[in-house]
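Following: one structure in structure tokens, then a few remarks.
All of the numbers you see were taken from the coordinates with simple rules; none came from a lab. Everything numeric here is computed off the predicted structure, so don't read it as measured data. For neighbour counting, all protein chains shown are included, and Cβ atoms are generated from backbone atoms with ideal geometry for every residue, glycine included.
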Amino acid sequence: MKILITGGAGFIGSAVIRYILTNTKNTVINLDSLTYAGNTESIPTKLKSENYFFQKKDICNVNDLKFIFNTYQPDAVMHLAAESHVDRSIDGPATFIHTNLVGTFNMLECARNYWQKLPEDKRANFRFHHISTDEVYGDLHGTDDLFTETTPYSPSSPYSASKAGSDHLVRAWHRTYGLPVIVTNCSNNYGPYHFPEKLIPHMILNALHGKPLPVYGDGCQIRDWLYVEDHARALYKVVTEGEVGETYNVGGHNEKKNIDVVNMICDLLEELAPEKPAGINEYRELITFVTDRPGHDARYAIDASKIECELGWVPEETFDTGLRKTVQWYLDNRQWWERVLSGKYQLGRLGVND
Ligand SMILES: NC(=O)c1ccc[n+]([C@@H]2O[C@H](COP(=O)([O-])OP(=O)(O)OC[C@H]3O[C@@H](n4cnc5c(N)ncnc54)[C@H](O)[C@@H]3O)[C@@H](O)[C@H]2O)c1
């Protein structure tokens, strides 16, 4: 298979590419415009074989997309490119509307034009897999409910609203034009190569630098955490074995309060990095409560039974094992995150196959 992956230089997209290049013989075309969140250093050089192509292109540019479809003739698309950070969507929603809605619309139209001209057998096997979030469902404040594939959409932030809109577009392209789409909605991912603005890497790196660990509100917001490599495995299963027109929720069965996550990180660092910055007795003393994020969702929790029963996928990591691996990865891979923090990862970016 030739799989076109958008956003393959991002956190989850790069995990999907590492998984495919390591475990399969498929060809990967990584289409990414390299926003601040894109980092080609998240795909180790040793994995970049003749089966891997990188194209610095923008999903908001229709000519870019036509070029990619015509040149590579993919068998499947995994669409991950997006603006993904909730805080940034509150500060500047316009980019989120443009990338997540207009960009997805462009992807659908270019995929449809390409797919309609494919020979019969290739047409039948083509897949457009749209990767989305559980945040489209809103929150589960004060209930024990879980998000299922039929939970009504009720997004709270500009980010989740733009993703909700993109999900609706994808399903409409299936219903109206018959484009063979599959949608997945997953919970919060964590793991290696996570951009340091997100909660878990932000806390690890701030702690290592002896900086405050800012926790929104009372820290009692609950998220369901999914180890990114478990997610990558789920996404590959869905694109290769999932049923056209279906939605699959992907979650890790790891509901945790944000404050508990931060405490766990501090405790792991006590064990794995006991030599603390000057003047710090214990990492937990760095925890600082800050004004809550506007519209902050109280609880997300995923019912992942459909993907488990129908496709036989289950997460391999518990939160304890996954978080330990994650903290250890940041301790072992200073060069990756130091180049992100210094901005050096953005220097010397090449256009093709770097
Ligand atoms: N991270 C999570 O916890 C999470 C949870 C659920 C769903 N998701 C979804 O999964 C997908 C990937 O998330 P992520 O955390 O890897 O995001 P990310 O922000 O780490 O990566 C996004 C990638 O998309 C690229 N990109 C952005 N705009 C682009 C454009 N116009 N054209 C081409 N490339 C562009 C960026 O350069 C970056 O490499 C997103 O669609 C997100 O909504 C993420």
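Quick look at the values:
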| read-out | value |
| --- | --- |
| Spherically averaged projected area in nm², based on the convex hull that wraps the Cα atoms of the chain | 17.1 nm² |
| Reachable lysines from LYS211, criterion Cα separation under 25 angstrom, eight or more residues apart if same chain | LYS198, LYS256, LYS257, LYS276, LYS325, LYS344 |
| Angle between the chain longest axis and helix 228-241 axis [Cα atoms, degrees, rounded to 10] | 20 degrees |
| Spin-label pair LEU118/LYS344, simplified geometry with 7 Å Cα→Cβ offset, distance in nm | 4.3 nm |
| Candidates ASP303, ASP230, ASP218: whichever shows maximal mean-square fluctuation once the chain is modelled as a Gaussian network with Cα springs under 10 Å | ASP218 |
| Neighbour cut-off at most 14 other Cβ (10 Å), DSSP loop, GluC sites (Glu not before Pro), the stretch 270-354 | GLU275, GLU282, GLU316 |
| GLU270-GLU197 FRET efficiency (beta carbon distance; Förster radius 25 Å; 0.05 resolution) | 0.55 |
| Nearest 10 degrees, 0 to 90: helix 11-23 Cα axis against the chain principal axis | 70 degrees |
| For the chain, size of Cβ-based charge dipole, Lys and Arg +1, Asp and Glu -1, in debye | 1420 debye |
| Principal axis dimensions, largest first and in whole angstrom, of the stretch 115-159 by Cα | 52, 23, 13 |
| √(5λ) per eigenvalue of the Cα gyration tensor, the stretch 73-145, largest first, Å | 31, 17, 8 |
| The stretch 2-346: relative contact order as a whole-number percent, Cα under 8 Å and 6+ apart | 18 percent |
| Taking the convex hull of Cα positions in the stretch 123-219, its mean projected area over all directions (nm²) | 8.9 nm² |
| Per residue convex hull volume, Cα atoms of the stretch 1-145, in Å³ | 140 Å³ |
| Ascending count of other beta-carbon atoms within 10 Å, so fewest first, for THR143, THR247 | THR143, THR247 |
| Alpha-carbon gyration tensor eigenvalues x 5, square-rooted, for the stretch 263-354, Å | 29, 25, 18 |
| Exposed trypsin sites (Lys or Arg not before Pro) absent: longest stretch of the chain, with sites in DSSP loops and at most 16 other Cβ within 10 Å deemed exposed | 118-348 |
